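J.: Before I ask anything, here is the structure I am working with.
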Amino acid sequence: MKILILPDAQSASRRVADAITAQVAKKPDSVLGLATGGTMEPVYTDLVRRAQSGGCDISRVTTFNLDEYVGLAPGHPQSYRHFMTERLFAPLGIRDEQTHLPTADAGNCDQVAKDYERAINEAGGIDLQLLGIGHNGHIGFNEPTSSLASRTRVKTLTERTREANSRYFREDEEIPRFAITMGIGTILDTAEVCLLAVGDAKAAAVAAMVEGPVSARCPASALQFHRKATIVLDEAAASRLELRDYYDTVHPGGAETGL
Ligand code: GLP
């Protein structure tokens, strides 16, 4: 794992936008794995700004999002499809046909999950997967005790996750209980991952992911098995790491130095 600790949330999200920009410059038709959540919003805002000022062209990519709530139609304001269309796809001129989310209702989850895995394979696999992390260490919607070999499937959300995500729903709206998510095995198969975590609230999950034992108790700890994982943190999210001196020695200030 490459651990990059940036001074603040803004520079950390800029670093992730740099990684995506570099990937697309190297391979304009990259297959990108995308994530939702508040952490990703500044990254997407930055990418849109860069594209609109002519700094990069992200219009030729194919995308696969990590997850989607079961039962929310693409037009639902809290669906991840809506989030992505508003914040990234429409502003960048990425057409619907280039994008994939595991949109399903209770009746067709298993088929949607299978088709999703097949579509990722047919696209040649994911070149760069963007990730956030939940307070309980989830990645995508792989909640604690998810199989570390899991593929795309339905997961029941924990109450903690539903509570954390309730901020996006109106008070009178039911927060979904189920989601379809890429599995941990699916994520481990990607060529490269870049995980962004900012703020104190993520510090315990980050420490468990990076320095804890590999365990389904903290699904993100499975990334210790990933061949090419970069973890981008701000100071607050890095505050509970015990081997901090080492990360600073290898990548001072989050710089990509070293051999
Ligand atoms: C959500 C998403 C994850 C995301 C995480 C953190 O439930 N399924 O992909 O990384 O929770 O979200 P936030 O960035 O809003 O803290």
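Read-outs throughout are calculated quantities, based only on the coordinates presented, and are distinct from any laboratory measurement. Model, not experiment: these values are computed from the prediction. Note that each Cβ is placed from the backbone with ideal geometry, even for glycine, and that neighbours are counted across all protein chains shown.
J.: Is the C-alpha gyration tensor of region 133-201 telling us rounded, prolate or oblate? Criteria: a/c under 1.5 is rounded; beyond that, a/b larger than b/c is prolate, otherwise oblate. Walk me through the numbers before you get to the answer.
T.: Details: a/c = 2.27, a/b = 1.46, b/c = 1.56.
Oblate, because a/c is 1.5 or more while a/b does not exceed b/c.
J.: Excluding Val154 itself, what net charge comes from residues whose Cβ is under 14 Å from its Cβ, given Lys and Arg +1 and Asp and Glu -1?
T.: Working: positive: Lys114, Arg151, Arg153, Lys155, Arg177; negative: Asp67, Glu68, Asp105, Asp110, Asp115, Glu117, Glu143.
With Lys, Arg at +1 and Asp, Glu at -1, the neighbours total -2.
J.: I would also like to ask the following. Let me check I've understood the local charge: for Gln129, count other residues with C-beta under 13 angstrom from its C-beta, Lys and Arg +1, Asp and Glu -1. What total comes out?
T.: Numbers: positive: Arg227, Lys228; negative: Asp67, Asp127, Asp189, Glu192.
Net charge in that neighbourhood comes out at -2.
J.: What ranking of Asp46, Asp200 emerges when the number of other C-beta atoms within 10 Å of each C-beta is taken as an exposure proxy, fewest first? Intermediate results must be reported in sequence, preceding the final value.
T.: Values: Asp46 19, Asp200 12.
With the sparsest Cβ surroundings first, the list reads Asp200, Asp46.
J.: Let me ask another. Amide H to amide H under 5 Å from Gln129: which residues, 5+ apart in sequence or cross-chain, H placed 1.01 Å off N in plane?
T.: Gly33, Glu192, Val193, Cys194
J.: Oh, and also: If you plug each phi of region 105-117 into the Karplus form 6.51 cos²θ - 1.76 cosθ + 1.60 with θ = phi - 60°, what whole-Hz ³J(HN,Hα) values come out, in order, with x for Gly and Pro?
T.: With the stated coefficients, region 105-117 comes to 10, 3, x, 10, 4, 5, 5, 4, 5, 4, 4, 5, 4 Hz.
J.: Can you bin region 64-145 into rounded, prolate or oblate? Criterion: square roots of the alpha carbon gyration tensor eigenvalues sorted a ≥ b ≥ c, rounded for a/c under 1.5, prolate for a/b above b/c, oblate for the rest.
T.: On the way: a/c = 1.17, a/b = 1.15, b/c = 1.02.
Note, shape of region 64-145 comes out rounded.
J.: If you plug each phi of region 53-59 into the Karplus form 6.51 cos²θ - 1.76 cosθ + 1.60 with θ = phi - 60°, what whole-Hz ³J(HN,Hα) values come out, in order, with x for Gly and Pro?
T.: Values per residue, Gly and Pro as x: 8, x, x, 6, 10, 10, 7 Hz.
J.: Can you classify region 65-208 as rounded, prolate or oblate using the Cα gyration tensor, where a ≥ b ≥ c are the square roots of its eigenvalues, rounded means a/c under 1.5, and otherwise it's prolate if a/b beats b/c and oblate if not? Intermediate values should be presented prior to the final figure.
T.: Details: a/c = 1.27, a/b = 1.07, b/c = 1.19.
Because its axes are fairly even, with a/c under 1.5, region 65-208 counts as rounded.
J.: Also, I was wondering about something else. Take the alpha-carbon positions of the chain, form their convex hull, and give its projected area averaged over all directions (one quarter of the hull surface) in nm².
T.: Details: hull surface 52.3 nm².
So the mean shadow area of the Cα hull is 13.1 nm².
J.: Compare Asp96, Asp172, Asp127 in a GNM of the chain, Cα atoms joined below 10 Å, and give the one with the largest fluctuation.
T.: The residue with the greatest mean-square fluctuation here is Asp172.
J.: Right, next: Of the cross-linked pairs Lys27/Lys202; Lys114/Lys202; Lys114/Lys155, which ones have a Cα-Cα span greater than 22 Å in the structure shown? Provide the component values of the computation, followed by the final result.
T.: Working: Lys27/Lys202 32 Å; Lys114/Lys202 32 Å; Lys114/Lys155 14 Å.
Check vs 22 Å cut-off fails for Lys27/Lys202; Lys114/Lys202.
J.: Each residue of region 168-181 in turn: what ³J(HN,Hα) in whole Hz from Karplus with 6.51, -1.76, 1.60 and θ = phi - 60°, glycine and Pro shown as x?
T.: 8, 9, 5, 4, 8, 9, 6, 7, x, 9, 10, 9, 9, 9
J.: Can you list the residues, at least 5 places off or on another chain, whose amide H is less than 5 Å from the amide H of Thr99, using H built in the peptide plane?
T.: Thr63
J.: Arrange the following residues from fewest to most other Cβ atoms within 10 Å of their Cβ: Val206, Val154.
T.: Values: Val206 27, Val154 17.
Ranking Val206, Val154 by Cβ neighbours within 10 Å, fewest first, gives Val154, Val206.
J.: Now a separate question. Which residue fluctuates the most in the chain, going by a Gaussian network model with Cα springs under 10 Å, if the choices are Arg240, Arg60, Arg160?
T.: In this elastic network of the chain, the residue with the biggest mean-square fluctuation among Arg240, Arg60, Arg160 is Arg160.
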